[in-house]
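Enquirer: One structure coming up, written as structure tokens, with questions to follow.
The values are calculated or read from the model by the stated rules, or taken from the named source; none is laboratory data. Treat the numbers as computed from the prediction; the structure is a model and nothing was measured. For neighbour counting, all protein chains shown are included, and Cβ atoms are generated from backbone atoms with ideal geometry for every residue, glycine included.
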Amino acid sequence: MNNITPDGYWDFENLKYIDVDNKDLDKYSLQKGDLVFNRTNSKELVGKTAVYDRDETVIIAGYLIRVRFDQQTNPWFVWGAPELKVWKSKII
């Protein structure tokens with residue numbers, strides 16, 4: 001969770017590296033435009049989100065949820081929703 005900053009951007013300073021089977025790569029990898037949010041942790045950190053905006057392949061941890069949109073949906077628009085009080089009141 002430390003790779004997503006409190007203001008919802010990525011920090012690639014301290015990455016962890018793992019080996020992943022090709023069969024699991026699609027299931028756990030990010031593509032440009034994917035929205036990622038935290039599903040566990042403290043009240044302040046649940047729902048912390050970021051849009052992945054790179055071309056490099058990365059794998060997400062099990063406590064993160066990936067949302068992949070169609071071409072008609074702007075992930076940056078959806079990215080702001082979890083910061084709304086009404087959103088947080090529903091998921092916490």
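Enquirer: Being modelled with pLDDT under 90, in contact with a Lys or Arg (Cβ under 7 Å, 6 or more places away or on another chain) and either surrounded by 13 or more Cβ atoms within 10 Å (Cβ to Cβ) or in a loop (DSSP other than H, G, I, E, B) (or both): is that true of GLY47 here?
Expert: Values: modelled with pLDDT under 90: yes; in contact with a Lys or Arg (Cβ under 7 Å, 6 or more places away or on another chain): yes; either surrounded by 13 or more Cβ atoms within 10 Å (Cβ to Cβ) or in a loop (DSSP other than H, G, I, E, B) (or both): yes.
Yes: the conditions hold for GLY47.
Enquirer: Scan region 1-24 for residues that are farther than 26 Å from PHE77 by Cβ and within 15 Å of the chain's Cα centre (by Cα) and jot them down. Give the steps one after another, and end with the answer.
Expert: Within region 1-24, the subset farther than 26 Å from PHE77 by Cβ is 13-24.
Within region 1-24, LEU15 is the sole residue that qualifies.
Enquirer: What do you reckon, is LYS27 part of a helix (DSSP H, G or I), modelled with pLDDT of 80 or more and either within 10 Å of the chain's Cα centre (by Cα) or more than 17 Å from ARG66 (Cα to Cα) (or both)? Working first, answer last.
Expert: Details: part of a helix (DSSP H, G or I): yes; modelled with pLDDT of 80 or more: yes; either within 10 Å of the chain's Cα centre (by Cα) or more than 17 Å from ARG66 (Cα to Cα) (or both): no.
Judged against the criteria, LYS27 is not a match.
Enquirer: I would also like to ask the following. Within region 1-29, count every residue that is loosely packed, with under 10 Cβ neighbours inside 10 Å and touching a residue at least 60 places away in the same chain (Cβ under 8 Å).
Expert: Here the count works out to 0.
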